[in-house]
C-alpha cells in the first residue's frame with residue numbers, strides 16, 4: 001500500500017484500497033430468506049387448502065411433499081434465471097454465481113417447507129411462526145416475527161377459505 005504524507009495527513013490512493021463488497025452476501029441472504037419464507041407459507045397454505053376439502057393427514061403430507069419438490073425446483077430455476085439475466089446487463093464481479101444462488105434458494109425453500117411437513121407428521125397443533133429472517137438480517141425480532149406470522153395466517157386463511165368454497169360449489 002502506497003502511503004504519502006502531505007501536511008501531516010496520510011493519503012491512500014483509491015486504487016490501492018481493497019473494499020469488501022457486501023452486495024454478494026445480500027443477494028444470497030435475500031434469496032435464502034425469501035426461499036425459506038416461501039417454502040413455509042406456500043407449503044402450509046397448500047396443505048391447509050387440501051385439508052379444507054379432504055381432512056386426511058396422509059393426503060396433506062403427500063400434498064406438502066409435492067409442494068416442497070415443485071416449489072424448490074421453481075425457486076431454483078427462478079433464481080438462476082434472475083441472476084443470469086442480471087449478468088447480461090451488469091458487471092459480473094458484483095453478482096453471485098447463478099448456480100450458487102439457485103442452490104441457496106432451493107435449499108432454503110426446502111427447509112422452510114419442512115416446517116409444516118414436520119408439524120403435520122408429529123404435532124397435532126399446527127402453529128407455525130418465524131424469526132429466522134430477523135436474526136439473520138439483524139432486524140427487530142418481534143416485529144419481523146409478527147409480520148411473518150400474520151402474513152402467513154392470512155395466506156393460509158385465504159387458501160383454506162377459497163378451497164373450502166370451491167369444494168362446496170363442486171369444482
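Couple of notes before you dig in:
- FRET efficiency for residue 147 and residue 118, using Cβ-Cβ distance with R0 set to 25 Å, rounded to 0.05: 0.65
- Region 34-112, relative contact order [Cα under 8 Å, separation at least 6], %: 48
- Fewest neighbouring Cβ atoms within 10 Å first, the residues 105, 42, 110 line up as 110, 42, 105.
Readers should treat all values here as calculations from the given coordinates under stated rules, not as data from a laboratory. Predicted model only: the values in this text are computed from it and were never measured. Because the Cβ atoms are built from the backbone with ideal geometry, glycine has one as well, and the counts that use them run over all protein chains shown.
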